[in-house]
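Peer 1: Questions regarding the structure given below will be posed in turn.
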Amino acid sequence: MTVQLSPEQTVPAALLDRGSPQLASLLDAIAAGAAVRERDRVHPHAQIDLIRAARFGALRVPPEHGGAGASLRETFRLVIALAAADANVAHILRSHFAYVEQMLRETDPERRRRWLREAGEGTIVAGAATELGAHKVGAESLGTTLRRDAAGVLRLNGVKYYSTGSLYADVLMFTALDDDGRLVAVVVPARREGVTLEDDWDGIGQRLTGTGTTRLQDVAVEPEEVLDLHLHSDGSFPRCGVLQLYITAAVAGAMRNAADDAVDLVRSREGRPFAHAPAERPAEDPLLQEVVGEMVSAAFAAEATVLAAADAQDAEAESVVDGLPDQRLAEAASLAAAQAKVVVDELALRATGRLFDVGGASATKREKNLDRHWRNVRTLSTHNPLLYKAQAIGANALNGTPLPPNWFF
């Protein structure tokens, strides 16, 4: 696939306009063939090249560094639109947007300038923090290490999993423990010697996101590629509502995509109603109209919920001083992201399943791949499971119990 972009399409600020022809062109190109790519496991490298060329990942980067300086609300609106075009492509960028948020809070001016400038130029970042094993999920008992060898060179060693987006990225970020047992982030080029990316993700959904294994063997690391994670004075982690809300935004976009497919499916059934249907044309069948109406409404509610939670993320981001946000606003932002997940996940699983109520048995044919919507939202919803979110929200509401101090909130 050869992609040609006009100079106007390479300006990220142009994507923010409600009627942006640049955004419409980008989303149309990404949506084209998305169902077939997912069905046949065709990796969206060309679509990520479009994202890179349009500098979609520079939405949050300040204008002085080549970005659009968008708010989080504006950014999440576009992420939902991107997920409605292709939920895989949107999910691939999750770590990138989290990385940009981290760089916006970087206290070292040289590092901040360098990494934001690279993001502003179109560089895409991915990576992984999670490792498989018997330890508690989310606990910082990492096996990945950053140590100096006999020659004084920093070397990164370990195995990471859930490396979403890494197959498509220019730069990778990993967590590791240094010589002092301190948790750090390490940022290295994706093609650096010693980095091996394995496309072994075999989940039922989000099949093209590269959410598999990364092996790190004696990867050389420059001192400036080691980043401080800015922990609180008590050792707890800053809240990460943006990272969590991003998943819910991808779910909301997948819901919109499913609703659009429901509309197209009913319209395509012209002249083929059920013998006992209450209308001659499927589009005039009140039963099918009701299902489509529910799906369209659910997609609307999901987007509105995500954007309301994004307002809380903006308030938290604007409060950052010396790399850390106001604790009260951070708690509120994490709570809003968690509440959004609880509501949207439930809506999504019901709405995407109802798609088959408007299509009959032919809608289940593999060639149509309509089941991808349910599979994708089911897979996305398992990220930091709903039941633990709901329990934490309930404990907070009833007893004032703070949300758990980890990256899952």
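Peer 1: Residue pairs, Cβ under 7 Å, 6 or more apart or interchain, first in the range 111-135 and outside the structural domain of Ala185 (by TED's automatic domain parsing) and surrounded by fewer than 22 Cβ atoms within 10 Å (Cβ to Cβ), second acidic (Asp, Glu) and outside any loop (DSSP other than H, G, I, E, B). List them.
Peer 2: Here the result reads Arg111/Glu224, each pair linking the range 111-135 to a residue that is acidic (Asp, Glu) and outside any loop (DSSP other than H, G, I, E, B).
Peer 1: Can I ask one more? Name the single residue that is surrounded by the fewest Cβ atoms within 10 Å (Cβ to Cβ) among those in the range 263-285 being touching a residue at least 12 places away in the same chain (Cβ under 8 Å) and of a type in the set (Lys, Arg).
Peer 2: Taking the candidates together, the pick is Arg267.
Peer 1: Which residues, counting only those in the range 38-94, are in contact with a Ser or Thr (Cβ under 6 Å, 6 or more places away or on another chain) and farther than 30 Å from Glu110 by Cβ?
Peer 2: Selection gives Asn88, His91.
Peer 1: Testing Leu288 on (1) touching a residue at least 40 places away in the same chain (Cβ under 8 Å); (2) closer than 26 Å to Ile247 by Cβ; (3) touching a helix residue (DSSP H, G or I) at 6+ places or on another chain (Cβ under 8 Å), one condition comes back false. Which one is that?
Peer 2: (2)
Peer 1: Based on this model, can you work out whether Val171 counts as surrounded by fewer than 17 Cβ atoms within 10 Å (Cβ to Cβ), touching a residue at least 40 places away in the same chain (Cβ under 8 Å) and of a type in the set (A, V, I, L, M)?
Peer 2: For Val171, the condition - surrounded by fewer than 17 Cβ atoms within 10 Å (Cβ to Cβ), touching a residue at least 40 places away in the same chain (Cβ under 8 Å) and of a type in the set (A, V, I, L, M) - is not met.
Peer 1: Let me ask something additional. Anything in the range 366-403 that is free of Cβ contacts under 8 Å to residues at least 40 places away in the same chain and not in a helix (DSSP H, G or I)? List them, or say none.
Peer 2: Asp371, Thr382, Pro385, Gly400, Thr401, listed by residue number.
Peer 1: Right, something else. Kindly indicate which of Val358, Val343 is in the same structural domain as Tyr388 (by TED's automatic domain parsing), among the aliphatic types (A, V, I, L, M), surrounded by 22 or more Cβ atoms within 10 Å (Cβ to Cβ) and under 27 Å from Ser297 (Cβ atoms).
Peer 2: Within the list Val358, Val343, the selection yields Val358.
Peer 1: Okay, moving on. Out of (1) modelled with pLDDT under 85; (2) closer than 25 Å to Lys389 by Cβ, the odd one out for Ala252 is which?
Peer 2: (1)
Peer 1: Just need a number here: residues in the range 185-213 that are of a type in the set (Gly, Ala, Ser) and surrounded by fewer than 18 Cβ atoms within 10 Å (Cβ to Cβ). Steps first, please.
Peer 2: Here is the first cut: in the range 185-213, the residues of a type in the set (Gly, Ala, Ser) are 185, 190, 194, 203, 205, 210, 212.
From the residues that got through so far, the ones that are surrounded by fewer than 18 Cβ atoms within 10 Å (Cβ to Cβ) too are 194, 203.
Final tally of qualifying residues: 2.
Peer 1: Considering only residues that are of a type in the set (Ser, Thr, Tyr) and part of a loop (DSSP other than H, G, I, E, B), which ones fall in the range 47-75?
Peer 2: Ser71
Peer 1: Within the range 146-161, is there a residue that is touching a residue at least 40 places away in the same chain (Cβ under 8 Å), in contact with a His (Cβ under 9 Å, 6 or more places away or on another chain) and aromatic (Phe, Trp, Tyr)?
Peer 2: no
Peer 1: Also: Which condition number does Ala333 fail, the rest of (1) of a type in the set (A, V, I, L, M); (2) assigned to a helix (DSSP H, G or I); (3) more than 18 Å from Phe76 (Cα to Cα) being met?
Peer 2: So Ala333 meets the others, but not (3).
The values are calculated or read from the model by the stated rules, or taken from the named source; none is laboratory data. Values in this document were obtained by computation on a predicted structure and should not be read as measured data. Backbone-built Cβ (ideal geometry, glycine too); neighbour counts: all protein chains shown.
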